[in-house]
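Okay, so here's the structure we're looking at.
The values are calculated or read from the model by the stated rules, or taken from the named source; none is laboratory data. All values reported here derive from a predicted model rather than from experimental measurement. Here Cβ is always computed from backbone atoms with ideal geometry, including for glycine, and neighbour counts include all displayed protein chains.
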Amino acid sequence: MADKRRFFDRDRDSRSDNNNSSYGNNSDTGSRHSLASNKGHGHGGGSTTSEFDEPINSRLFILCGRNVSEEELRAAFDKFGLIKELWIVKDRNTGESKGVAYITYSKTSEAAVAMEEMNGKFIGNNAKSLKVLIANSRDQGSRREMNEEERLLRLFIIVPKSMSESDLKDHFTQFGDIERCNIVRERNTKESKGYAYVTFHRISHAAKAYEGCDRSFKPKFADPRPQKQHGDDRYSSAHGSTTGP
């Protein structure tokens, strides 16, 4: 525990590099409202404000029905946090809604809670329930893997080599129920490699841990594990996360 405290103190001011995220390109126009610019509605392509979302996983992709208005969406989703941008995708030629919307929050956890609370709910006079997802990153495009949810539930973190699984779990349990806590170790010596994975049962709990855990852990959302690949654990400094155990 003493080593744990020294590790926390050493890197107290460090901040993790966000794995920036946005959804795939869309050629249709859209009606969007950004609080950051405070300029009301605008028109543009599928890229909303910048090449990447900031913070990571803060943007929702919503199948909402063509009759749902921006006002109805804002009224339903505003209670979960600060909405930075709300964008309804419209047909380029007719200007009619395509029944798809994007909402960007100021925090990763706000988007996660909104997704959990609003997925499957009804708003306005729409006869169909909402389908609410965390928007894919641009390099992922519109394709989703079978284990897509794993990328939102599992954190990759840096740990002192003397830290135990129980110490690690003690810190992260404050954010929610943990499914698995695993420190990656050398195959032969069983010594810690200095990094670990923490998997939560709920996406909102993982998001709150990502935001609220001690900064010395340098948390990142881990890449989903390949479904048809089995091999040694690998750490990629370029991406800041690995497939893991």
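Taking the conditions (1) more than 20 Å from ALA114 (Cα to Cα); (2) at pLDDT 95 or above in turn, PHE61 satisfies each one other than (1). In the range 206-245, of all residues being modelled with pLDDT under 50 and in contact with a Lys or Arg (Cβ under 6 Å, 6 or more places away or on another chain), the one that is surrounded by the fewest Cβ atoms within 10 Å (Cβ to Cβ) corresponds to THR243. Counting the residues of the range 86-134 that are in contact with an Asp or Glu (Cβ under 9 Å, 6 or more places away or on another chain), more than 20 Å from ASN67 (Cβ to Cβ) and surrounded by fewer than 21 Cβ atoms within 10 Å (Cβ to Cβ) gives 2.
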